[in-house]
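Notes follow the structure.
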Amino acid sequence: MIIQKETSPAKYRSYSLHNFRSIPQLENLSEELKFNMDVVGHVLPFKVNNYVIDELIDWNKVPDDPIFKLTFPQKAMLTRAHFNEMAKAMRQTQDKSALREVANKIRMQLNPHPAGQLELNVPQLDGTRLNGVQHKYDQTVLFFPSQGQTCHAYCTFCFRWPQFVGMDDMKFAMKESEMLAQYVKQHPEVTDVLFTGGDPLIMKTRILQDYIEKLLDEKPTNLQTIRIGTKALGYWPYRFLTDDDADDLLQLFEKIVRSGINLAIMAHFNHPVELSTKAVQRAIRKIRATGAQIRTQSPVLNHINADPKIWAEMWRKQVNLNCIPYYMFVPRDTGAQHYFSVPLVECWDIFRNAYKQVSGICRTVRGPSMSATPGKVQVLGVTEIPVNGKFEKVLTLRFLQGRNPDWVGKPFFAKYNPEATWLNELTPAFGEKEFFFEKELEQIYKENISQEAMNPYE
């Protein structure tokens, strides 16, 4: 591949709680709005950069601009009680340790590790817990490199927010790439390794290369795909264009592909605006030229993209740029879920009405899907089923992935509930006492949870 140098952009600059008031575009915003950002930013992670500020946010639409809400803390992202508690503490003291104590108290009420991440997903190798690895589904292992535990900017909805707020006991991180390679070799059911974080592409290429080459050198015959989960295309496309090791990164991608391993860049795009700049379009072309695939995903988010027209536009743009629409997720039950959540019935309606607007080439996307404790549960729709001469309105669901692979593809039914936003708010239809998987899930808990593995914060 011939690599052509790009014109260099302005140097990367990040802004967080300590310096966000220096952002020039904020000068026209009210002091009340900036104070609200400060309060929420003490609890939830806050980081933005000059590309997002200058290229993605329409400051004429602030505070209603979707990318502004995606990256800048909003008052309503905390409950009224939590906001008032934090604001009161900030008015009473400037002591950082005291404020951190208040913030951590609030954080522990926000379900920091949903879906059994600490209790059920962390595997062992020869009796050693691999605390930077998750293995929930047979085929896929998630790896959290220690140096990839941050991002170019933070999404306000992020379900991995505990990684970024200084609560070290809540982090997933691992340096031992050799142990990862050995784990994959010892588990022939594993076909995919997903590098995630944070964002693994925040790392210098030489560090990422060290991790990946350990896998390639071991040559586990069962390994078919390396995935890299990243928001870099949306938040800093210059990672692939003009960063000092951008060419090295693209060459690493080529090396993976040449080795016979499928490389999938799992790109997070939450709004069509993120696909609109010349920089992101050039970056996508550069990645695709290496032989890598780009698969796209996002949750459906209130205040951001809860509109079928937005999703249809996003999928079309992705396909036009040679990306593969992959998932529409339901926002996880953590952090600011009350702000971003959309009832499951509405999620399905948004998906269906977007889906019917696009051609078959866009219909690789699956959703809406909940990454819940038992697995990835897809909402298939609302229907009425005759029961004893009457029609019962139900939600039809199925597993796209399950802790037990035998659950995958099996439809099941929940009572119609237009308010439910997560699986635990649904109840079985037709008078059943429990869903078909619940007894087995309970047994999985009993078999896997030890005192060592228990979440110390529960």
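The values are calculated or read from the model by the stated rules, or taken from the named source; none is laboratory data. Fair warning: this is a prediction, and the values are worked out from it, not measured in the lab. As a convention, Cβ positions derive from the backbone with ideal geometry for all residues, glycine included, and neighbour counts pool all protein chains shown.
Among the residues making up the stretch 66-103, those that are within 28 Å of Trp311 (Cβ to Cβ) and free of Cβ contacts under 8 Å to residues at least 60 places away in the same chain are Phe68, Lys75. Can you tell me which residues in the stretch 69-125 are buried (at least 16 other Cβ atoms within 10 Å of the Cβ), out of contact with any helix residue (DSSP H, G or I) (no Cβ under 8 Å at 6 or more places or on another chain), among the aliphatic types (A, V, I, L, M) and at pLDDT 95 or above? If the condition is that a residue be buried (at least 16 other Cβ atoms within 10 Å of the Cβ), out of contact with any helix residue (DSSP H, G or I) (no Cβ under 8 Å at 6 or more places or on another chain), among the aliphatic types (A, V, I, L, M) and at pLDDT 95 or above, then Leu70 is the only one that fits. Checking Asn353, Asn322 one by one, the residue that is without any contact (Cβ under 8 Å) to a residue 60 or more places away in the chain and closer than 27 Å to Ala283 by Cβ is Asn322 and no other. Identify all residues within the stretch 384-420 that are under 21 Å from Val345 (Cα atoms) and basic (Lys, Arg); write none if there are none. Within the stretch 384-420, Lys393, Arg398, Lys410, Lys415 meet the criteria. Number of residues in the stretch 311-333 that are surrounded by fewer than 20 Cβ atoms within 10 Å (Cβ to Cβ) and aliphatic (A, V, I, L, M) equals 4.
Looking across the stretch 383-408, the residues that are within 23 Å of the chain's Cα centre (by Cα) and not in a strand (DSSP E or B) come down to Arg403, Asn404, Pro405.
Scanning the stretch 262-314 for residues that are within 17 Å of Val358 (Cα to Cα) and either of a type in the set (Phe, Trp, Tyr) or part of a helix (DSSP H, G or I) (or both) gives Pro272, Pro308, Lys309, Ile310, Trp311, Ala312, Glu313, Met314. If you filter the stretch 344-388 down to residues that are over 19 Å from Pro325 (Cβ atoms), among the hydrophobic types (A, V, I, L, M, F, W, C) and assigned by TED's automatic domain parsing to the domain that holds Tyr327, you find that the one that is surrounded by the most Cβ atoms within 10 Å (Cβ to Cβ) is Leu344.
The numbered conditions (1) more than 30 Å from Val280 (Cα to Cα); (2) in a loop (DSSP other than H, G, I, E, B); (3) within 19 Å of the chain's Cα centre (by Cα) are all true for Pro45 except (1).
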